[in-house]
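Enquirer: I have a structure I would like to understand better, so I am pasting it below and will then ask my questions one at a time.
The values are calculated or read from the model by the stated rules, or taken from the named source; none is laboratory data. Just so you know, these numbers come straight off a predicted model, no measurement behind them. Here the Cβ is made from the backbone with ideal geometry for all residues, glycine too, and neighbour counts use every protein chain on show. We work out accessible area using only protein heavy atoms, side chains counted, and drop any ligands, DNA or RNA first. Shrake-Rupley method; radii C 1.70, N 1.55, O 1.52, S 1.80 Å.
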Amino acid sequence: MEKTLQELSEYVGGTAIGDPSVKIRGVMGIDDAREGDITFISNEKYIRKINQTKASAIIVSPKLRDTNVSLSQKKKRNLLVCNNPYLAFAKLIDLLMHKKPVYPEGLDPSARIDKTAVLGQNISVQAYVTIGKNTRIGDHVVLHPCVYIGDGCTIGDNTIIYPNVVVYNETVIGKRVTIHSNTVIGSSGFGYAPDGQGYYRIPQIGSTIIEDDVDIGANTTINRAVMGETVIRKGTKIDSQVVISHNVEVGENSLIVSQVGIAGSAKIGKHVTLAGGAGIVGHITVGDNVTVGGYSGVINDIPSNQTYLGAPALPIQRMRRCYVIIEKLPEMRDLIKSLEKRITQLEKRNNDLLQAKKQENS
């Protein structure tokens, strides 16, 4: 596909500066871009590359345009100015380079679909899919090969489920949800009661709800509730290899990165970012607009609008001070040992003086 810079600026709601008729055929990073490509700069530290890139146009923010318009004019660079260059970059990749997949419409003969299931219009049910009793599949849903949908489930319109996903009974999945391969939704949570000799399994009789516009990566597990609901609110994006336990609630438009683990009954607020490898203990609350750094361990409630880091997680400014101290621990240890030695010497000297004085007095 080929578009003019002016057409692209209208598409992303920006302003074209330079030659609005220049033809753009592709989207590339600033170091790899060539003639016919558009690229972007969103960070001032890369501004020097504005006159190094071979791209035909550059997406910049109003701030970068204002501070560097004279620089760009010297080489007559074509700019697309918009408030969020990274978002514009993503939208243009989708427009110019992303080939939309075409799915076979209808039901594959090998699919096993219970006669009580209700199927929407224009769906794609591919090889060896299983759909259980009293399950409802919305319009334009795509179920890739070997997907298993249990009894009493609901799958909303325009949802895509990739191969080998397992959706347990009574799970509700909203509209425009994407679930990648080998993910399990609605499996039993990890709940056991000690009986004196072993452990008695606690029945997990609740449900799992995935609201609209949620993306879930590959090999992720979201457990059903013991009682009540495990809920992933709308717009949340979950990476691969994440574990979300029973009765967890994740608020709207949150980001959960790979290898995060959230223990049972934790409540995660809106617009929360849990970076890779973070662990959240059970029965705590993480407020809205919170960021938890990678491999942090959260063991207490976190109020809204905070950034926490470390294990156990602390407010980021405090943890940074701790890290500075940790880096100096070897030197501090040597200093303490030196001081201990000096104290011992001083105590011995003081004792010797006291003994000498006693002897004189006697």
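Enquirer: Which peptide among 240-248, 140-148 comes first, and what is the full order, when sorted by highest mean count of other Cβ atoms within 10 Å? Please report the intermediate quantities before stating the final value.
Expert: Values: 240-248: 22.6, 140-148: 20.9.
Highest to lowest by the protection proxy: 240-248, 140-148.
Enquirer: Calculate, for the stretch 1-56, the solvent-accessible area per residue in square angstrom, rolling a 1.4 angstrom probe over the heavy atoms of the protein chains.
Expert: The answer is 56 Å² per residue.
Enquirer: Expressed in whole Å with the largest first, what are the equivalent ellipsoid semi-axes of the stretch 166-287 derived from the C-alpha gyration tensor as the square root of 5 times each eigenvalue?
Expert: Numbers: eigenvalues 103, 51, 34 Å².
Ellipsoid semi-axes (Å, largest first): 23, 16, 13.
Enquirer: List the pair-distance distribution P(r) of the chain, using every Cα-Cα distance, as the percent of pairs falling in each 20 Å bin from 0 up to the bin containing the longest distance, rounded to whole percents.
Expert: 23, 38, 26, 8, 4, 0
Enquirer: Just need the relative contact order of the stretch 1-108 here, percent rounded to a whole number, with Cα pairs under 8 Å and 6+ apart. Let's see the in-between values first.
Expert: Values: 184 pairs, mean separation 31.1, N = 108.
Normalised by residue count, the contact order of the stretch 1-108 is 29 percent.
Enquirer: In addition: Give me the extension gain from Asn300 to Lys100: residue separation times 0.36 nm, minus the current Cα-Cα distance, reported in nm with one decimal.
Expert: Using 0.36 nm per residue and subtracting the Cα-Cα distance, I get 67.6 nm.
Enquirer: What distance in nm separates the simple spin-label points at Val324 and Met1, each placed 7 Å from Cα in the Cβ direction?
Expert: It works out to 5.0 nm between the two label points.
Enquirer: How many angstrom lie between the Cα centre of the stretch 17-43 and the Cα centre of the stretch 278-305?
Expert: What the calculation gives is 40 Å, centre to centre.
Enquirer: What FRET efficiency do you get for Tyr46 and Val281 if R0 is 51 Å and r is their Cβ-Cβ distance, rounded to the nearest 0.05? Write out the running numbers ahead of the final one.
Expert: Numbers: r = 39 Å, r/R0 = 0.77.
Between Tyr46 and Val281 the formula returns 0.85.
Enquirer: Turning to a different aspect of this structure: Straight-line reach from Lys115: which lysines have a Cα under 19 Å away, not including same-chain ones fewer than 8 places off?
Expert: Within the straight-line limit of under 19 Å, Lys115 reaches these lysines: Lys133.
Enquirer: Further question on the same structure: Quote the relative contact order of the stretch 210-339 in percent (integer), defining contacts as alpha-carbon pairs under 8 Å separated by 6+ residues.
Expert: Rounded, it is 14 percent for the stretch 210-339.
Enquirer: For Lys358, go through the lysines and keep the ones whose alpha-carbon is under 20 Å away, minus same-chain ones fewer than eight residues off.
Expert: Straight-distance partners of Lys358: Lys348.
Enquirer: In the full protein assembly as shown, how much of Val102 is accessible to a 1.4 Å probe, in Å² to the nearest 10?
Expert: The accessible area of Val102 comes to roughly 130 Å².
Enquirer: Taking only protein heavy atoms and a 1.4 Å probe, what accessible area per residue, in Å², does the stretch 107-210 have with all protein chains in place? Intermediate values should be presented prior to the final figure.
Expert: Working: 5270 Å² over 104 residues.
Normalised by residue count, the accessible surface of the stretch 107-210 is 51 Å².
Enquirer: I need the peptides 286-298, 334-346 ranked by packing, meaning the mean over residues of other C-beta atoms within 10 angstrom, with the highest value on top.
Expert: Order by mean packing, descending: 286-298, 334-346.
Enquirer: Return the aspartates and glutamates within reach of Lys23: Cα separation strictly under 16 angstrom, same-chain partners fewer than 8 residues apart disregarded; answer none if there are no such residues.
Expert: Qualifying aspartates and glutamates at Cα under 16 Å: Glu2, Glu7, Glu10, Glu35, Asp37.
Enquirer: How high is the relative contact order of the chain? Use alpha-carbon pairs under 8 Å, at least six apart in sequence, and give a whole percent.
Expert: Relative contact order of the chain: 6 percent.
Enquirer: If amide hydrogens are placed 1.01 Å from N in the peptide plane, which non-local residues have theirs closer than 5 Å to the one on Thr307?
Expert: So Thr307 has HN proximity to Thr291, Ile316.
Enquirer: Can you work out ³J(HN,Hα) from phi for every residue in the stretch 220-235, in order, using Karplus 6.51 cos²θ - 1.76 cosθ + 1.60 and θ = phi - 60°, giving whole Hz and x for Gly and Pro?
Expert: Rounded to whole hertz, the list is 9, 10, 10, 7, 6, 7, 4, 9, x, 9, 9, 10, 10, 6, 4, x.
Enquirer: So how strong a dipole does the stretch 7-164 carry about its Cα centre when Lys and Arg Cβ are +1 and Asp and Glu Cβ are -1, to the nearest 20 debye?
Expert: Roughly 740 debye for the stretch 7-164.
Enquirer: Considering the alpha-carbon set of the stretch 132-180 alone, what are its Rg and its Dmax in angstrom?
Expert: Final numbers for Rg and Dmax: 9.4, 24 Å.
Enquirer: Ignoring any ligand, DNA or RNA, what whole percent of the accessible area of the stretch 280-348 comes from carbon and sulfur when the probe is 1.4 angstrom?
Expert: Its accessible area is 58 percent carbon and sulfur atoms.
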